[in-house]
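Structure record follows, encoded as structure tokens.
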Number of protein chains: 2
Amino acid sequence: MSKFWSEIVHLTDPYVPGEQPKQQNIIKLNTNENPYPPSPKVLAALREGANEYLRLYPSPTVDELLQAAAKQFAVSPDQVFVGNGSDEVLAFAFLAFFTKGEVIRFPDITYSFYSVYAKLYGLEYEEVPLLPDFTIPVEQFFDSEGGVIFPNPNAPTGVYLPLAAVEEVLVHNPNKVVIIDEAYIDFGGESAIRLINQYDNLLVIQTLSKSRSLAGLRIGFAFGNKELIEGLNRIKNSFNSYTIDRLAIIGAVAALEDTVYFAETREKIICSREKVAAQLQLLGFTILESKANFLFIKHNLLPAEVLYTKLKEKGIFVRYFNKPRICEYIRLTIGNEEEMDRFIHEVKVILHT
Amino acid sequence: MSKFWSEIVHLTDPYVPGEQPKQQNIIKLNTNENPYPPSPKVLAALREGANEYLRLYPSPTVDELLQAAAKQFAVSPDQVFVGNGSDEVLAFAFLAFFTKGEVIRFPDITYSFYSVYAKLYGLEYEEVPLLPDFTIPVEQFFDSEGGVIFPNPNAPTGVYLPLAAVEEVLVHNPNKVVIIDEAYIDFGGESAIRLINQYDNLLVIQTLSKSRSLAGLRIGFAFGNKELIEGLNRIKNSFNSYTIDRLAIIGAVAALEDTVYFAETREKIICSREKVAAQLQLLGFTILESKANFLFIKHNLLPAEVLYTKLKEKGIFVRYFNKPRICEYIRLTIGNEEEMDRFIHEVKVILHT
């Protein structure tokens, strides 16, 4: 607390990310990172990019990266925006499309950064309760006064909303922006990007942090009609001319281009998820159907907080949310096969002691 | 223009950075980059850092970088904030310390991003006219209603305000934050960082873009008492948990540690600046005394816009600001010796044709 803080600082309620423990030899299944390294082509490109040109500013318009993304996602470059991680894209989008005094809507159980942005900008919001099975009550998002945002698949549940239902939300909010946050879409869902030409109120947000193994490089995208993208650029260019550094541009382009590696690692994670889900079911867990790179699970006999703590003692970090409706669950990121075998083994030990 | 834009988007007046031309073989003296490459130790560290760990998020608290900066600048880690370039630090600082309805002050001729931030956040501002010799009228900054910001040395003039005068501004604004933007301080000025323990209203901003040759990596710092730093962290953590990517952290630490390379390249630029200034004086130019890595110059016979255009035709990019009071000047970044020789040669040719 300080007399020098603006009113806005007092209103903030900063986001608390999952732990980034410093000790070695832990199994880190708490922040939905990819267990596989970035594409070897990405690492080679980055090494080559670590050169004298770092003395020069990056391109403020990141044209090369817009073109690579446009090609990959079958849109035009003026339908793409790039940010310093999808969190920055979200922060700009809240400022660009949501207006003070007009209540926005998002689910009661969702990415907890949404309410943080709303508080930062003084936006009013309504948390729409998910149905008891954690699916999104689509009609509750119709005719929103200020706009709509939700992740698809949702976090931390992993539950996916079919594209036809997303479309319903778009149709019923013709004058307000609907933001679909697709951080986890590559693990089994169908992206709404193909709807951007049809719905001028649709903004789709994606990231290279999850399915492209680049959480450490900070690259997020928004896709939408070019007026929405221009709105984001006006905010970005009033904030920081160069948000994406030279190496991030180079790494992102290489990641988008290596579609073979992307498909391989994505498939491996999807297979591991299904295998682990089946194993956990046999151990008495209830598992929400997930289209993400994580599972949201609970056990009838073993309280979630106990499981979280016991796993941590064994060097396995998962995420536990001490919040109404979800405090019986833990969120488990899908690791590599060895990590998943170890996880299942330790869960068995915990259940039998 | 779009019906989906928030009121804030309509209020913005985005910053326009200097050109980043794509053609090769140009001499780029328009955005105050360093003509020398980053330290070889930085490039080696970055190559080593391009590894499998990029799959993991960076540290949200960038402790390692805070410690390296604290050591280098003789402060404690909780007196340091790191951002994605000093522009991001400035954007957070405007939000954290300036309040709507309280008029802030900055010079009429200064870094043109300040008014852009003010418009983004709906802040009122007063542009205090510089004196005819482009020095800062210190007393005009006393008792500001909302706070004060100016660069030292100032941009685009290069004119430096001695630390005793900065202290006067601090003393006369005990209840408002005074931001000293020291992007160019390493080229001959004395930093105000040593005053942060004495003045709890002082925030000093620096960057690795200029004197550390890392414009392409995007690293900026703020130094101040720990309550001010906490205010910045509250904003940052309400905006984006991970603003500094893994490679930027690694490169920044290496850059701060290589003090020998830093001192060498800085000296070379200062020497070149003095040499070029003397040469230009002989050619009839008026040169403001600069403590930055650029010169602000005018010629009585040759209009600035003509010089700018003719240099550009010859592949030499400098910066021209078509604004009242400074439209007679061009801003010339100090390049390497070869670039400066070529520049002087071409200016002679232009003057004699």
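The values are calculated or read from the model by the stated rules, or taken from the named source; none is laboratory data. Computed from a prediction, not measured in an experiment: that's the story for all the values here. No Cβ is skipped: glycine too gets one built from the backbone with ideal geometry, and neighbour counts run over all protein chains shown.
Kindly provide the set of residues from the stretch B:6-32 that are within 7 Å of chain A (Cβ to nearest Cβ) and loosely packed, with under 14 Cβ neighbours inside 10 Å, ordered by number.
If the condition is that a residue be within 7 Å of chain A (Cβ to nearest Cβ) and loosely packed, with under 14 Cβ neighbours inside 10 Å, then B:E7 is the only one that fits.
Return the residues of the stretch A:223-252 that are surrounded by fewer than 24 Cβ atoms within 10 Å (Cβ to Cβ) and within 26 Å of A:F294 (Cα to Cα); say none if nothing qualifies.
Across the stretch A:223-252, there are no qualifying residues.
Taking the options B:V347, B:V318, name whichever one is modelled with pLDDT of 95 or more, farther than 28 Å from B:G189 by Cα and not assigned by TED's automatic domain parsing to the domain that holds B:Y184.
On the way: B:V318 fails: farther than 28 Å from B:G189 by Cα.
It is B:V347.
Just a yes or no: is a residue in the stretch B:182-199 under 14 Å from B:G83 (Cα atoms), surrounded by 22 or more Cβ atoms within 10 Å (Cβ to Cβ) and either aliphatic (A, V, I, L, M) or within 14 Å of chain A (Cβ to nearest Cβ) (or both)?
At the first step, the residues of the stretch B:182-199 found to be under 14 Å from B:G83 (Cα atoms) are B:183.
Checking which are surrounded by 22 or more Cβ atoms within 10 Å (Cβ to Cβ) leaves us with B:183.
Cutting the leftovers down to either aliphatic (A, V, I, L, M) or within 14 Å of chain A (Cβ to nearest Cβ) (or both) gives us B:183.
Taking every residue of the stretch B:182-199 in turn, at least one turns out to be under 14 Å from B:G83 (Cα atoms), surrounded by 22 or more Cβ atoms within 10 Å (Cβ to Cβ) and either aliphatic (A, V, I, L, M) or within 14 Å of chain A (Cβ to nearest Cβ) (or both).
In the stretch A:37-52, how many are surrounded by 15 or more Cβ atoms within 10 Å (Cβ to Cβ) and facing chain B (nearest Cβ under 7 Å)?
So the first thing to find is which residues in the stretch A:37-52 are surrounded by 15 or more Cβ atoms within 10 Å (Cβ to Cβ), and the list is A:37-39, A:41-43, A:45-47, A:49-51.
Next, only the ones that are facing chain B (nearest Cβ under 7 Å) stay: A:37-38, A:43, A:46-47, A:50-51.
The number of residues fulfilling the criteria is 7.
Does the stretch A:55-85 hold any residues that are part of a helix (DSSP H, G or I), at the interface with another protein chain (Cβ under 9 Å from one of its Cβ atoms) and of a type outside the set (K, R), and which are they?
Here is the first cut: in the stretch A:55-85, the ones part of a helix (DSSP H, G or I) are A:55, A:63-73, A:77-79.
Now restrict to residues that are at the interface with another protein chain (Cβ under 9 Å from one of its Cβ atoms): A:55, A:63.
A:D63, the sole residue that qualifies.
Identify all residues within the stretch A:269-289 that are in contact (Cβ under 8 Å) with a residue 40 or more places away in the chain, farther than 12 Å from A:M340 by Cα and over 23 Å from the mean Cα position of the chain (by Cα); write none if there are none. Walk me through it before giving the result.
To start, the set of residues in the stretch A:269-289 that are in contact (Cβ under 8 Å) with a residue 40 or more places away in the chain comprises A:269-270, A:272-273, A:275-276, A:279-280, A:283-284, A:288-289.
Next cut, farther than 12 Å from A:M340 by Cα only: A:270, A:283-284, A:288-289.
Those that are in contact (Cβ under 8 Å) with a residue 40 or more places away in the chain, farther than 12 Å from A:M340 by Cα and over 23 Å from the mean Cα position of the chain (by Cα): A:L283, A:G284.
Answer yes if at least one residue in the stretch B:188-199 is in a strand (DSSP E or B) and either without any contact (Cβ under 8 Å) to a residue 12 or more places away in the chain or within 21 Å of the chain's Cα centre (by Cα) (or both), and no otherwise. Give the steps one after another, and end with the answer.
To start, the set of residues in the stretch B:188-199 that are in a strand (DSSP E or B) comprises none.
Scanning the stretch B:188-199, I find no residue that is in a strand (DSSP E or B) and either without any contact (Cβ under 8 Å) to a residue 12 or more places away in the chain or within 21 Å of the chain's Cα centre (by Cα) (or both), so the answer is no.
Checking A:K22 against (1) assigned to a loop (DSSP other than H, G, I, E, B); (2) over 27 Å from B:P37 (Cα atoms); (3) in contact with a Gly (Cβ under 9 Å, 6 or more places away or on another chain); (4) not hydroxyl-bearing (S, T, Y), only one condition comes out false. Which one?
Here A:K22 meets the rest and fails (3).
Can you pull out every residue in the stretch B:58-97 that is under 17 Å from the mean Cα position of the chain (by Cα) and either among the aliphatic types (A, V, I, L, M) or not assigned by TED's automatic domain parsing to the domain that holds B:K236 (or both)? Full working, then the answer.
Going residue by residue through the stretch B:58-97, those that are under 17 Å from the mean Cα position of the chain (by Cα) are B:81-94.
Once the filter is applied, which keeps residues that are under 17 Å from the mean Cα position of the chain (by Cα) and either among the aliphatic types (A, V, I, L, M) or not assigned by TED's automatic domain parsing to the domain that holds B:K236 (or both), the stretch B:58-97 yields B:V82, B:V89, B:L90, B:A91, B:A93.
Would you call B:A215 within 9 Å of chain A (Cβ to nearest Cβ), closer than 30 Å to B:F94 by Cβ and not in a helix (DSSP H, G or I)? Break it down into steps so the answer makes sense when it comes.
Details: within 9 Å of chain A (Cβ to nearest Cβ): yes; closer than 30 Å to B:F94 by Cβ: yes; not in a helix (DSSP H, G or I): yes.
When the stated conditions are applied, B:A215 passes them.
Scan B:Q206, B:Q279 and give me the residue that is within 30 Å of A:H10 (Cβ to Cβ) and not in a loop (DSSP other than H, G, I, E, B).
Details: B:Q279 fails: within 30 Å of A:H10 (Cβ to Cβ).
Matching residue, one of B:Q206, B:Q279: B:Q206.
B:G158 versus (1) out of contact with any Ser or Thr (no Cβ under 7 Å at 6 or more places or on another chain); (2) within 28 Å of B:S290 (Cα to Cα); (3) in a loop (DSSP other than H, G, I, E, B); (4) touching a residue at least 60 places away in the same chain (Cβ under 8 Å): which is the lone unmet condition?
Answer for B:G158: the failing condition is (1).
What pairs can you find where one residue is in the stretch B:230-244 and more than 7 Å from every other protein chain (Cβ to nearest Cβ) and in contact (Cβ under 8 Å) with a residue 24 or more places away in the chain, the other is basic (K, R) and crowded, with 24+ Cβ neighbours inside 10 Å, and their Cβ atoms are less than 9 Å apart, with a gap of 6+ or different chains?
B:I244/A:R218; B:I244/B:R218
For the structure I just gave you, tell me whether A:A222 is within 17 Å of A:P35 (Cα to Cα), within 14 Å of chain B (Cβ to nearest Cβ) and not basic (K, R). Write out each step before concluding.
Values: within 17 Å of A:P35 (Cα to Cα): no; within 14 Å of chain B (Cβ to nearest Cβ): yes; not basic (K, R): yes.
For A:A222, the condition - within 17 Å of A:P35 (Cα to Cα), within 14 Å of chain B (Cβ to nearest Cβ) and not basic (K, R) - is not met.
Looking only at the stretch B:202-214, decide whether some residue is closer than 26 Å to B:D87 by Cβ, out of contact with any Gly (no Cβ under 6 Å at 6 or more places or on another chain), charged (D, E, K, R) and surrounded by 24 or more Cβ atoms within 10 Å (Cβ to Cβ).
yes
Any chance the stretch B:226-245 includes a residue that's under 20 Å from the mean Cα position of the chain (by Cα), under 19 Å from B:F81 (Cα atoms) and not in a helix (DSSP H, G or I)?
Checked against the condition, which is being under 20 Å from the mean Cα position of the chain (by Cα), under 19 Å from B:F81 (Cα atoms) and not in a helix (DSSP H, G or I), the stretch B:226-245 yields at least one hit.
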